[in-house]
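Trainee: Before anything else, here's the structure in question.
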Amino acid sequence: MRQNMSFLRNFFLYKCLFALTFWNRVNLSVEDELFTPVSNNFPEDGSNQKIKSLPLLYTKSYQSKADWVVIQNTTESLSLSEITNDNVKKLVALLSNFRQGSRLQNLTLTNVSVDWNALMEIFQTVWHSSIEYFNISNVTQLSDIRTYDFDYSGTSMKALAMKKIQVTDLYFTQDDLYRIFADMNIADMTIADSEMIHMLCPSSKSPFRYLNFLKNDLTDFLFQNCENLLQLETLILQKNKFERLHKVSFMTSHMKSLKYLDMSHNLLRHDGAGMQCQWAESLSELDLSSNQLVDAVFECLPVNVKKLGLQNNQISNVPRGMVELKSLEELNLASNRLANLPGCSGFTSLQFLNVEMNLILTPSADFFQSCPRVRELQAGHNPFKCSCELQDFIGLERQSGGKLFGWPAAYVCEYPEGLRGMELKDFHLSQLACNTTLLLVTALLLTLVLVAAVAFLCICLDVPWYVRMTWQWTQTKRRAWHNPPGDQGPVLQFHAFISYSERDSLWVKNELIPSLEKGEGCIQLCQHERNFIPGKSIVENIINCIEKSYKSIFVLSPNFVQSEWCHYELYFAHHKLFSENSNSLILILLEPIPPYLIPARYHKLKALMAKRTYLEWPKERSKRALFWANLRAAISINLRKTNENWCEEID
């Protein structure tokens, strides 16, 4: 009899709900809502698919002039939108009818704008209903936050998800807000994208097993010395404002059941300096990707971790002997600054390693010998230098039985330039070229003859080039001396001549020229695109521009040393430096230039960089003001300008 009465009561409520829905001109629209599956893998895009969502079914939306919009209504799920102070009492009255034992299990509320007490009344009503999964989003709390005596007893609730919660009360007691949620007696809770700055430790032993505080403003003070989260297994703190890794470790030290921790996309640092770390012993999966961590991070890691994400940090080396992670099975070091493959001396159980998008030129060929348990190595998208040393690594694909992930498409030569773009599988050198023993035997047979020949070639290698450049310099000077009487010789017309590779032209045009010409001092620069004279040869234009400029600025980068014209400009500027005994060269290091990229004919550039001070373009914006100030000071001089309106023109 009771079951029949319960059935009739619920049937009556649903009939009333549908009658309310179709009141006055019903417009029907359909939209789909998908359930996001749970995944245990670190996604490549840095997001975390472990974040749960409440189950939402296929949804029909009925737009009416009633108090709220019924987005979804099934026997087990109900979704409502546009909840305000005007209709919140009706909502509470409706939800009060779904007592425990009813079939309604899933409730979703969106676009909620109510007072604090009304919001708490909604939560309290849900807490004592048959609802197990409560999803609420786009909430605006209107009135002052006050103490609320929340009754947690006798609930069917299992999971609560809140997104985009806006608190309009700027002055309130934190306990009045955070205590309500900290003491909730449910297994799963999500508070995301809500600018939340803090969360209290539960006042008693908490049943929380899953906490997700994605995209808030939480800091290192969260859950410090909190001993009531003993059942917590998953904690997601992605996209917050945590800064100190050792504080995070102490936060977890009392979480005896914690297995998964996501700290990605924060501001985490760890500089070592004797700072001790104390992680939860149960922690087996840790995501520290997209932070500001360096090599010292290996001093502060949980010893029992099995899966570790460190991609997109600033790690240049995995120190040997710093820590032993004997349980580590998967390590992600993609998008860092590694110059070689890390060894496995501290990772004896390692099975998966990702070192894609680092700075590895010639990976170690004995990697799989030092890491026998590794089943998959992702080392593609690195700037490989195709040389003899790389030959042995290329043979790893055949020896390892397909352990190189992404082979062959992701493994491409970057250096030397002539082989750029070639897949490693197509790169081959002869045995003689790479066999040290054969080369030594040949060297012994040739002895002094070979040494003499090599010495002679080294001395004379670039003599024709320098002779040609000297001849062109002399010819240009000769023409300048024989100018007609009305044609004046070269005088200083520019503060500086700019020499750069076309591949660096964006930086020159967008950064260098605007910052100097439109800043203080009205500096006039000579650039080939606007100051070379049509009809004259390129070499003659280069010499004239250098002669008419007080300084010569060279924008150095790997692109610079690959440019033949940049070499001409450097040679003529260097000639002026010694012929006039002037201090006219300014070197700007736009990008680091590995020594092996500099051709032999650039020995003057090597000497200049070794003996002269150069300005290095800073990657940090905070240091750029000092860079421009130093550059201005280096080229500061008052010129007798032929165009007095130069400053007004560039403005």
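Trainee: Restricting attention to the stretch 101-113, which residues are open to solvent by 10 Å² or more (accessible area, probe 1.4 Å), closer than 18 Å to residue 167 by Cβ and not hydroxyl-bearing (Ser, Thr, Tyr)?
Mentor: Residue satisfying the conditions is 111 alone.
Trainee: Can you confirm whether the stretch 386-400 contains a residue that is open to solvent by 10 Å² or more (accessible area, probe 1.4 Å) and part of a strand (DSSP E or B)?
Mentor: No, there is no match, as no residue in the stretch 386-400 is open to solvent by 10 Å² or more (accessible area, probe 1.4 Å) and part of a strand (DSSP E or B).
Trainee: In the stretch 207-221, what residues are farther than 23 Å from residue 259 by Cβ and either of a type in the set (Phe, Trp, Tyr) or crowded, with 17+ Cβ neighbours inside 10 Å (or both)?
Mentor: 221
Residue-wise test of (1) farther than 25 Å from residue 213 by Cβ; (2) touching a residue at least 60 places away in the same chain (Cβ under 8 Å).
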position: 97; (1), (2): yes, yes
position: 120; (1), (2): no, yes
position: 130; (1), (2): yes, no
position: 133; (1), (2): no, yes
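Trainee: Restricting attention to the stretch 270-318, which residues are open to solvent by less than 10 Å² (accessible area, probe 1.4 Å) and assigned to a helix (DSSP H, G or I)?
Mentor: 297, 298 - these are the residues of the stretch 270-318 that are open to solvent by less than 10 Å² (accessible area, probe 1.4 Å) and assigned to a helix (DSSP H, G or I).
Trainee: Another question, then. Is it fair to say residue 267 is aliphatic (A, V, I, L, M) and surrounded by 19 or more Cβ atoms within 10 Å (Cβ to Cβ)?
Mentor: Considered against the rule, which asks whether it is aliphatic (A, V, I, L, M) and surrounded by 19 or more Cβ atoms within 10 Å (Cβ to Cβ), residue 267 comes out as no.
Trainee: Using the structure shown, decide if residue 362 is in contact with a strand residue (DSSP E or B) (Cβ under 7 Å, 6 or more places away or on another chain), in contact (Cβ under 8 Å) with a residue 12 or more places away in the chain and in a loop (DSSP other than H, G, I, E, B).
Mentor: yes
Trainee: Taking the options 232, 258, name whichever one is out of contact with any helix residue (DSSP H, G or I) (no Cβ under 6 Å at 6 or more places or on another chain), open to solvent by less than 10 Å² (accessible area, probe 1.4 Å) and not polar (S, T, N, Q).
Mentor: Going through 232, 258 in turn, just one is out of contact with any helix residue (DSSP H, G or I) (no Cβ under 6 Å at 6 or more places or on another chain), open to solvent by less than 10 Å² (accessible area, probe 1.4 Å) and not polar (S, T, N, Q): 232.
Trainee: Next up: Select from the stretch 603-634 the residues that are in contact with a strand residue (DSSP E or B) (Cβ under 8 Å, 6 or more places away or on another chain), in a helix (DSSP H, G or I) and surrounded by fewer than 14 Cβ atoms within 10 Å (Cβ to Cβ) and list them in ascending order.
Mentor: 630 - this is the single residue of the stretch 603-634 that is in contact with a strand residue (DSSP E or B) (Cβ under 8 Å, 6 or more places away or on another chain), in a helix (DSSP H, G or I) and surrounded by fewer than 14 Cβ atoms within 10 Å (Cβ to Cβ).
Trainee: Being open to solvent by 70 Å² or more (accessible area, probe 1.4 Å) and either among the small types (Gly, Ala, Ser) or modelled with pLDDT of 90 or more (or both) is the filter here; which residues of the stretch 402-416 pass it?
Mentor: 409
Trainee: Taking helices (runs of 4 or more DSSP H) that fall entirely within the stretch 492-564, which contain at least 1 residues that are open to solvent by 30 Å² or more (accessible area, probe 1.4 Å) and small (Gly, Ala, Ser)?
Mentor: Where helices (runs of 4 or more DSSP H) fall fully within the stretch 492-564 and carry at least 1 residues being open to solvent by 30 Å² or more (accessible area, probe 1.4 Å) and small (Gly, Ala, Ser), they are 513-517.
Trainee: Consider residue 476 carefully, then state whether it is out of contact with any Leu (no Cβ under 7 Å at 6 or more places or on another chain), open to solvent by 50 Å² or more (accessible area, probe 1.4 Å) and at pLDDT below 75.
Mentor: no
Trainee: Within the stretch 188-241, which residues are of a type in the set (Ser, Thr, Tyr) and within 16 Å of residue 161 (Cβ to Cβ)?
Mentor: Hits for the stretch 188-241 are 190, 194, 210, 234.
The values are calculated or read from the model by the stated rules, or taken from the named source; none is laboratory data. Just so we're clear, the structure is a prediction, and the values are computed from it rather than from any experiment. Here Cβ is always computed from backbone atoms with ideal geometry, including for glycine, and neighbour counts include all displayed protein chains. The accessibility values were calculated without ligands, DNA or RNA, using every heavy atom of the protein model including side chains. Shrake-Rupley method; radii C 1.70, N 1.55, O 1.52, S 1.80 Å.
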